[in-house]
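Just below is one structure, and these are the notes that go with it.
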Amino acid sequence: MALRFVFALHNHQPVGNFDSVFERAYCDGYRPFLDLFEQYPEIPFSLHTSGCLMEWLVERKPEYVERLRGLVARGQVEIMGGGFYEPILPMIPAHDRVGQIRTYRDYLENLFATKVRGMWVPERVWEQNLVADIAAAGMEYTVLDDFHFKQAGLEERQLFGYYVTEDEGRLLRIFPGSERMRYLVPFRNPEETIAYFGEVASQNPDAIIVFADDGEKFGSWPETHRHCYQDGWLRRFLDALRYAGGWVRFCTFAQALDQTRPAGKVYLPDCSYREMTEWALPVEKLITYRRLLRDLEHDPRKQEIQRFLRGGYWRNFKVKYPETQEMYGRMLEVSQRLQEPNEMPEKSLSRARQELYRAQCNCAWWHGAFGGLYLPHLRNAVYQHLIAAENMFLEHTRQDECWVELDRTDLNLDGAPEVCLRNSKMAAYLNPQSGGSLYELDVRGVRHNLLATLARRPEVYHEAIRQQTQIGGSQGSQERVVFKQAGLDRLLQYDAYLRKSLIDHFYEAQVTLEQLAGCQEIELGDFVTGEYEQRVEKNGNEVRVTQQRSGQAAGCSVRVSKEICLRATADVVEIAYRLENLPRSRGPQGLLHFAIEFNFAGMAAGADDRYFYYDGQQRAGQLQTQQSLANISLIGLVDEWLGLDVSLTLSRPGGIWTFPVQTVSQSEGGCELVHQSSAVIPHWLIEPDGTGRWEVHLSLRLDISRAEKQAKTSANM
């Protein structure tokens, strides 16, 4: 009786994560894991470290990299490759897939003086047409979940070897990683793993069992450092493997390829690991799906039925979260620019592509058990690297800074054209199909998208939060939720539209700030998400977009026009509103109450160096401050860390509401409140002129002089 056991780890920290998180993961997980495994030279393992993390280790922990190099040299560690910055492979163009895999392969082979033969598929998101690109990039094998194989119709007994697959005549070997092992290690007693090995070996003496999972399970996840090291679970596990060495052969993926033949051929469906397919479902469908699974709990046919159940499809995260679709469209735009013939030197083009590859890191593009899309610093990092790549492109394709351009095309891939206004300082993206809103605003000098916002929407764990807070959580809750702060159930609020800018509202005259902040206002118009007509023009060093809509406001037929103008070298967006066909009076209900909503994202809350200011008031509270101001002509937001000052000047003084947009979201440490954007809403009670017209002009200025001064000071130090 004998079998082969492949122990494989995937270590990853996302692009844009805080340095302190990298450091904690290293101290709690990566370093102690190596400390222990070095004491068991007879037990090899395959290791994938994402490029984002590997670059940090090379810079900050060279001694760790040197230790890894020694383990590779003595044959205990096999280095696995992958996409350099951990992209979801079906989400990026084929040329970027091949580029990321090849670039990381070359980097690793140079770093560790070893041949990289296989790769990790990020989040195991699989589509069969990936095979041709993976093989073209020089990879011989990869590993997916046994769930993928079961979805292709294979039985449990067939999942203890690797399979050959192909696309366009290119071959790839694929190992099934064991879901049972993912739940045994490191959460159950080591003896249970050995018993499972014996059970498999008794029926299939030539079996290959693969454990392939996140390395953060060994120290970085909550409570796992104490469990694995202080309480000694990992040492007990390695001792159990050592004692079983007579009938358990330890090997890497590459050794398994060289020592055994494939179990057969297979074509795998579009899939990911089981939990990911669940998270990709719309919330209401996920609730139904989980209810069906609970109903099957005591059904004797559970195993047979469950193999035919599957959740959603990964690409539908772009539908579930339109903000992901926005990032996706922007990423494709930059990728296409870098593919077009241009005059960039190869070294500069390579640097720009590296920035693009960093932006393709998957973590900010979806949401499941961890924060993902809900973490602003991860979304900001995506845009930071996209803007950096585009800046490099423009640096070599524009001869001077005095230029402005207008692009009208389907930028967010919804089947209808959007428009982008660009100059050397900024880029403004408008969506006429969604209220004529401003949905992206890039500040080139600080590589920041001020509209990387996130709307508040229901999530499946919100109901668990509500249930758990009832009667101390003792009744009704299907799952336990860890609260990182109190009162989250009272903060579950949902937006009816995306939190962008230039959103046009009509309210009752008596609407209050508290109603707006609590999503309790009554919208009296149909302009927020209504479709606007659009006219564009370029005149010398100026581009202009006029958006118009005739609609209803409190039972009145009203026409709203808004003109957005950008000039060459300007750091100001000029906005002119004209309302027509306004009623002179609405009788006892009073005048129409018109408001223009702006949201500003990525300027952090809860810090004294991030603050509001307005007429005659240099500091007016941190950026999460809720306030109702009267008769104001100017309001600004400062983020001293970014070096950014955003100001909004009104030609007509009006009231201004400000409040934070905060989500209740789930991360590995529990549920928490996360600041997503600062809402700034100028508003007026409309008194039309004799022709039923009313106008206001706004100037939105993006001042980065503070950042430029900081950069100059740093350069002179």
Residue by residue through the stretch 466-492, note down the ones that are modelled with pLDDT of 90 or more and touching a strand residue (DSSP E or B) at 6+ places or on another chain (Cβ under 6 Å).
-> 488, 491, 492
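Counting only residues that are hydroxyl-bearing (Ser, Thr, Tyr), under 32 Å from the mean Cα position of the chain (by Cα) and not in a strand (DSSP E or B), how many does the stretch 652-706 have? Working first, answer last.
If we filter the stretch 652-706 for residues that are hydroxyl-bearing (Ser, Thr, Tyr), which is where we start, we get 658, 663, 665, 667, 677-678, 691, 699, 705.
Retained after the next criterion (residues that are under 32 Å from the mean Cα position of the chain (by Cα)): 658, 663, 665, 667, 677-678, 699, 705.
Okay, now just the ones that are also not in a strand (DSSP E or B), so 705.
Summing the residues that are hydroxyl-bearing (Ser, Thr, Tyr), under 32 Å from the mean Cα position of the chain (by Cα) and not in a strand (DSSP E or B) in the stretch 652-706 gives 1.
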For the stretch 665-707, how many residues meet the condition of being of a type in the set (Asp, Glu), within 29 Å of residue 564 (Cα to Cα) and modelled with pLDDT under 95?
-> 2
Any residue at all in the stretch 648-660 that is open to solvent by 10 Å² or more (accessible area, probe 1.4 Å) and closer than 30 Å to residue 13 by Cα?
-> yes
Do you know which residues across the stretch 424-469 are open to solvent by less than 20 Å² (accessible area, probe 1.4 Å) and part of a loop (DSSP other than H, G, I, E, B)?
-> 432, 435, 436, 450, 451, 452, 453, 454, 455, 456, 459
Given (1) assigned to a loop (DSSP other than H, G, I, E, B); (2) buried (at least 19 other Cβ atoms within 10 Å of the Cβ); (3) not acidic (Asp, Glu), number of the condition residue 415 does not satisfy | (2)
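Would a scan of the stretch 559-570 turn up a residue that is open to solvent by less than 10 Å² (accessible area, probe 1.4 Å), farther than 21 Å from residue 444 by Cα, hydrophobic (A, V, I, L, M, F, W, C) and within 36 Å of the chain's Cα centre (by Cα)? I'd like the intermediate steps shown before the answer.
To start, the set of residues in the stretch 559-570 that are open to solvent by less than 10 Å² (accessible area, probe 1.4 Å) comprises 560-562, 564-566.
Of the ones still in play, those that are also farther than 21 Å from residue 444 by Cα are 560-562.
Next cut, hydrophobic (A, V, I, L, M, F, W, C) only: 560.
Cutting the leftovers down to within 36 Å of the chain's Cα centre (by Cα) gives us 560.
So far as the stretch 559-570 goes, yes, one or more of its residues are open to solvent by less than 10 Å² (accessible area, probe 1.4 Å), farther than 21 Å from residue 444 by Cα, hydrophobic (A, V, I, L, M, F, W, C) and within 36 Å of the chain's Cα centre (by Cα).
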Is there a residue being under 22 Å from residue 433 (Cβ atoms), open to solvent by 10 Å² or more (accessible area, probe 1.4 Å) and touching a strand residue (DSSP E or B) at 6+ places or on another chain (Cβ under 7 Å) anywhere in the stretch 507-520?
-> no
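Residue by residue, here is whether (1) touching a residue at least 60 places away in the same chain (Cβ under 8 Å); (2) within 28 Å of residue 357 (Cβ to Cβ); (3) of a type outside the set (Lys, Arg) holds:
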position: 126; (1), (2), (3): yes, yes, yes
position: 142; (1), (2), (3): no, yes, yes
position: 164; (1), (2), (3): yes, no, yes
position: 172; (1), (2), (3): no, yes, yes
position: 175; (1), (2), (3): yes, yes, yes
Filter result for residue 549 (farther than 26 Å from residue 659 by Cα, crowded, with 17+ Cβ neighbours inside 10 Å, of a type in the set (D, E, K, R) and at pLDDT 95 or above) | yes
Quickly run through the stretch 1-38 and pick out the residues that are over 27 Å from the mean Cα position of the chain (by Cα) and either aromatic (Phe, Trp, Tyr) or modelled with pLDDT under 95 (or both).
-> 1, 2, 3, 5, 7, 33, 37
Go through the stretch 230-285 residue by residue and tally those that are within 19 Å of residue 186 (Cα to Cα) and not charged (D, E, K, R).
-> 13
Go through the stretch 50-66 and give me each residue that's in contact (Cβ under 8 Å) with a residue 40 or more places away in the chain and touching a Leu at 6+ places or on another chain (Cβ under 9 Å).
-> 51, 54, 58, 65
Output yes when any residue across the stretch 621-633 is surrounded by 17 or more Cβ atoms within 10 Å (Cβ to Cβ), farther than 30 Å from residue 367 by Cβ and modelled with pLDDT of 95 or more, and no when none is.
-> yes
Taking residue 386 as the residue in question, decide whether it is open to solvent by 10 Å² or more (accessible area, probe 1.4 Å) and not β-branched (Val, Ile, Thr).
-> no
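Would it be correct to say that residue 421 is over 26 Å from residue 545 (Cα atoms), open to solvent by less than 10 Å² (accessible area, probe 1.4 Å) and outside any loop (DSSP other than H, G, I, E, B)? Show your work before the answer.
Working: over 26 Å from residue 545 (Cα atoms): no; open to solvent by less than 10 Å² (accessible area, probe 1.4 Å): yes; outside any loop (DSSP other than H, G, I, E, B): yes.
Considered against the rule, which asks whether it is over 26 Å from residue 545 (Cα atoms), open to solvent by less than 10 Å² (accessible area, probe 1.4 Å) and outside any loop (DSSP other than H, G, I, E, B), residue 421 comes out as no.
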Looking at the stretch 93-102, is at least one residue open to solvent by 30 Å² or more (accessible area, probe 1.4 Å) and either hydroxyl-bearing (Ser, Thr, Tyr) or in contact with a His (Cβ under 8 Å, 6 or more places away or on another chain) (or both)?
-> no
Please verify whether the stretch 332-343 includes one or more residues that are free of Cβ contacts under 8 Å to residues at least 40 places away in the same chain and open to solvent by less than 80 Å² (accessible area, probe 1.4 Å).
-> no
Of the criteria (1) closer than 30 Å to residue 364 by Cβ; (2) modelled with pLDDT under 95, which one residue 661 fails = (2)
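The values are calculated or read from the model by the stated rules, or taken from the named source; none is laboratory data. Please read all numbers here as calculations on a predicted model, not as lab measurements. We place every Cβ from the backbone using ideal geometry, glycine too, and count neighbours over all the protein chains shown. The area values use the complete protein model at the heavy-atom level, side chains included, leaving out ligands, DNA and RNA. Shrake-Rupley method; radii C 1.70, N 1.55, O 1.52, S 1.80 Å.
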